[in-house]
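Data block below; observations after.
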Amino acid sequence: MNPARYFQSYTDYFWQWEEDFNVLAIPGGHTIAYKDFIIAAIEKLGAQGLPPFGSLLLAIIATNPQGNNSIDSVYSILCNTLETTDNATLTNGISFLKLLSRVPQEYKEGEKRTLLLQVLFDQCHNTISSTKSKSIYTALKGNALPESPKTPVKYSNQGLGKDFKTIALLSKKFKSVDDILQKMAGVPDLEQNEIQLEDKPGNNGTLAKDFVDELIADYKTFAIGSLIRWLWGGLNIPVHSALPSQQPLGGISDLTNKGDFDKLLISEFAYDDLLFLSRLANNEALYIHREIPPADNDMQRIILVDVTLKNWGTPKAIAFAIALAISRHPKTDIACKTFLVGGDSYYAVSIEDIHSIVDALQIVDGSLHAANGLSSFFKQNESPKNYEIFFITESTSLKQSQLLKVLNEYHQSIHYLVLTDSGGDIDIYKKNQNSKRHLQHIKLPLNSLWQNQQTHPQVEGKYSNTIHYPILFRDPCRSRQIMTTADGEVFRLTNERSLFRFFDKASSKSAKGWELVYLDLPPKTEKYAMGVSNAGDYILLLFNVTHDISRKEEICLVNITLRERRTFVFNQGSSANGSDFTFHSGKFLHFNGSEVWSIDLDGTTTLVDNAYKKNFIEAGLALNEISKKYISETSIFKNINTVFINAANELIFNVHALRLVNTGNHIKLVPTNELGIRRAAVKDNSNHFFEFEDGSLVEVNRSGMVILKSSDERIPPIYIPTSLDTSLGVSTLTAFAGNEYYYCLLYTSDAAD
């Protein structure tokens, strides 16, 4: 396919090129994507074959923050173009896009969003070959396209059919949001209830048992944790590495002429004294158990987990469970290292705690097999005699001739080959001279083990950084810093260590509030800066100087989009007066009063030309303008110490009642004298939760929000801002009412006023 034809725009269609071929937008509506994002998406999708360009844009529209409104705009444009609403392909396509927009927000950001697109368009209708896809990517990235795609041509119904038929057919493959999530890495098909597991063989050992219980309690790792004890009881793999000289053989082989006197055979004392001394002097006396020569038992294991396309979903969950069962067995004394192997490279990961495991689960590769990645590992890492290597992959991956070739080439280095599949079957092969011997077959009862997964994380005493607030906050009070990025986004950091972003200015509603995007940032921070990477990720820089005798200076880079942190030492005189940080051209810049340093997003620091000082002046001027426009401190009610229901059945926070005023047109927090307690809520130690006797909860976010959680599961959580002296908005995950200042509902498609 001609790359120019792939990107061709049309008149009266739902998308167009803008800003000199750098921006894609809906005519008269929201921005769809920037060119850099399109390049990154096409690069990832190219290996499996690109969908039609219009189909890709429709999926991006549905996964944008204002996806539901944008879908309505697309439908309106095409209905006017077709002069009809009776078009089955268009209707079915729009219906699936509405479904796609309901995917939780955490799956529509950063790497997970790219993964979502890969899952959607894997073997889809009208797929372009990988060879042609590569030429399309090369042309777009290298700016080698002619002017023709920028100039719209006359719209054709054929284009509509191609773009929307691809989307419409996805509705047969994905009938619900759960179907979409089940196809994504690490999200198996599970029932959603609480589970009570019996103890299984091999679960003794307090540390290992506590670790498994922690995995089971977290919904992100439940699927892995629930398999580990079964694997402990079933895997026929040694948990010890005993030295041959430490294995008593019995009989005469355990007799020796050398040893300690306490090991002398009793029969030696039957000789008379002279003969006994003679036998000792001539090393003729017999001792029990031969001497054990000194030896170091330094056996180690390396576990290689395939994370390419075939090993996504259920096989990946099983693979991680096997890796943990081998490395974290309560009786093992063999050190283990774990690596994830992709299509072209490999990644060292930690599985020492639940957070590192969750991070490792996010690493996936869209390649068909791991041949090149496996080959790279063995080329760059020697295989000493004291290492035992496991390779875990999905069974059908062995149909790839390239992978088989690599497995044969490094046969002597791979001691165990573990094959899994989506049905819970595990086959283990052990190296046996020039072949592999089938060691055992295991069938995991996935349905019974996974039938009771919890749907949401259990938050106890602290917030989860996975934020799902379908409503905006009032102006954050006690702001430490206000920041802006090159794409026009405005952020505010508060004393509560929370980060807010000013909501989409193009919203069709009159929303003017702030969206909470990150909680529990590192404390004791002195300087800040904000930037957006070339991949579209928002990066927050936090600088801190320790106040002990070392006066160590540290920088923490927080990827707001991917929820990743990186901390490193930065001793470049940054604590001097007048020092500052800013972001420019994909890097942070630091001026310490005399020199300018650049800071890459991987933590690399470089001394640069002082000409960059002008960037700090420009950033300061821009910050002054932003401060005037966006900072307007309001009264936020956050020190909530008591929660109860009074005699008038009103919900009371300290001395403020949640009440409808002006004949029911507004809801406010108003002072009240009716403080007689009918039912009181008990505060937990964290001061974040208040619980009534029936189990209903009031969760308090000190940045200005309360969440009412009923013990009746049929009633959804209700989100209410805690601004004083103003009308409020009220929201669930699917509905909104009240002051439109707070209107958000980012995570739904059926929002109702």
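The values are calculated or read from the model by the stated rules, or taken from the named source; none is laboratory data. Computed from a predicted model, the values in this text were never measured in an experiment. Positions of Cβ are backbone-derived with ideal geometry, glycine not excepted, and every protein chain shown enters the neighbour counts. Please note that ligands, DNA and RNA were not included when accessible areas were found on the heavy atoms of the full protein model with its side chains. Shrake-Rupley method; radii C 1.70, N 1.55, O 1.52, S 1.80 Å.
Computed quantities for the displayed model
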| read-out | value |
| --- | --- |
| Cut-off under 5 Å, modelled amide H: who pairs with Ser635 long-range | Leu724 |
| Amide H partners (placed H, <5 Å) of Lys527, local residues excluded | Phe543 |
| Cα gyration tensor shape for segment 641-738, rounded if a/c is under 1.5, else prolate or oblate | rounded |
| Heavy atoms of Leu169 accessible to a 1.4 Å probe, total area in Å² rounded to 10 | 60 |
| Residue-by-residue Karplus 3J(HN,Hα) for segment 582-587, coefficients 6.51, -1.76, 1.60, Hz, glycine and proline x | 8, 10, 7, 6, x, 9 |
| Built amide H within the under 5 Å cut-off of Cys336, gap 5+ | Arg301 |
| Asp684-Thr485 pseudo-label distance in nm [points 7 Å out on the Cα-to-Cβ vector] | 3.2 |
| Net +/- balance of residues flanking Gln412 in space, Cβ distance below 12 Å, scoring K and R +1, D and E -1 | +2 |
| Stokes-Einstein D (µm²/s) once Rh is taken as the Kirkwood radius of segment 265-410 over alpha-carbon pairs, at 37 °C in 0.692 mPa s | 177 |
| Label-point gap, in nm, between Gln380 and Ile645 - each point 7 angstrom along Cα→Cβ | 6.1 |
| In nm, spacing of pseudo-spin labels at Ile715 and Lys175 (7 Å Cα→C-beta vector) | 3.4 |
| Full-extension gain in nm, Ile39 to Glu409, via 0.36 nm per residue minus C-alpha separation | 129.6 nm |
